[in-house]
Amino acid sequence: MAMPVHTRIQKLRQFPPGRANVAANNVAGLAYPLGYFDLRPFIDGALGATRDYVYVRSLRFGQIQARGEGRAAPIDRRCDVRIGFIHDTCARYVRDLPGSEEAAAAEKVLRRYFPRGLRAFVQAPYEEELIQLEILVDGLSGPDADLARTLTIGHHLAVLVELRPQYAAALEYEDKVTAGELATAWQAVHQAMIELFCAIVTLVRDPEHQAKVLAPILDQDDRLASLYARRRTGQNVEEEVDLDDEVADIIEQITEGDGEADDDALAAGAGADDAQDADPDVGSAVPPDQPADLPPEAAPPLLAPLPDLED
């Protein structure tokens, strides 16, 4: 039985901006030919939030890369080695001792602390990796200390406990764009996608049309679920492109221009995994029978509660 729409939205994953951009553009390509122009403020909102995130991230990366080989880099490499040992120990238990107590503990650690895999952890920008490191150390030293004992990873954890304050000290500097502002920009992308989802359910009343217009969002959500599951189980995903990283490919265009990127460029930055699935007719969120310079309409007031429809 299909999951009810109101349940599905409660479980909607936080999209990397590349996936959000592809989903919103494809929603536009499906909704406008069917006449659902009332969705335009919400589609534009999702695309605008994505642009804002990429711009903020470009500023943040510029600050980080400027001192990339400074005080933080040597400490970051030492942390990466220990984090890698912890992850690989868990992966070996899951692979080589299925059904054992160690494998059960390892699965919990991988699910809680490496939901996107090792590479996404250690290749994150310095500030983001420090946040993940603090969560890992606090968790395995506190509520999940029994898991660390079962897996005998205490010696690696002890080194990370020692390195954590050094890592934090190395990153102390005057920020023009803080890590909190970056997190807020990403949350805005997620909020915009939720609002778009709600708008589709509220404004597209025909069940067949609703399922069709929702499909790009649900497809990206399913792809994320599959990707995270494969990473947690240690399957080979080296050939896959992290869309959040891939968006950085258009940062140079943004910072050298006027701070904005066109929809086609942003869609191209979404990554090969999504680009090949995007509707080839979707390159802009402007309705086909409306002028491109049409001023955006004000978003309608708070949407009514979601009906108990099934997708």
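In region 111-158, how many residues are exposed (fewer than 15 other Cβ atoms within 10 Å of the Cβ), within 16 Å of PRO74 (Cα to Cα) and either of a type in the set (A, V, I, L, M) or not assigned by TED's automatic domain parsing to the domain that holds ILE86 (or both)?
Adding up the residues that qualify gives 0.
Out of the residues in region 9-23 that are among the hydrophobic types (A, V, I, L, M, F, W, C) and buried (at least 24 other Cβ atoms within 10 Å of the Cβ), state the one that is nearest to TYR55 (Cα to Cα).
Checked region 9-23; the qualifying residue nearest to TYR55 (Cα to Cα) is ALA20.
Residues in region 88-102: is at least one aromatic (Phe, Trp, Tyr), more than 25 Å from LEU214 (Cβ to Cβ) and modelled with pLDDT under 85?
no
Being at pLDDT 90 or above and either within 21 Å of ALA23 (Cβ to Cβ) or under 27 Å from the mean Cα position of the chain (by Cα) (or both) narrows it down to one of LEU203, LEU151, LEU171, LEU182, so name that one.
Testing whether each residue is at pLDDT 90 or above and either within 21 Å of ALA23 (Cβ to Cβ) or under 27 Å from the mean Cα position of the chain (by Cα) (or both) leaves just LEU203.
The values are calculated or read from the model by the stated rules, or taken from the named source; none is laboratory data. Quick caveat, the model's predicted, so the values are computed rather than measured. Cβ atoms come from the backbone with ideal geometry, glycine included; neighbour counts cover every protein chain shown.
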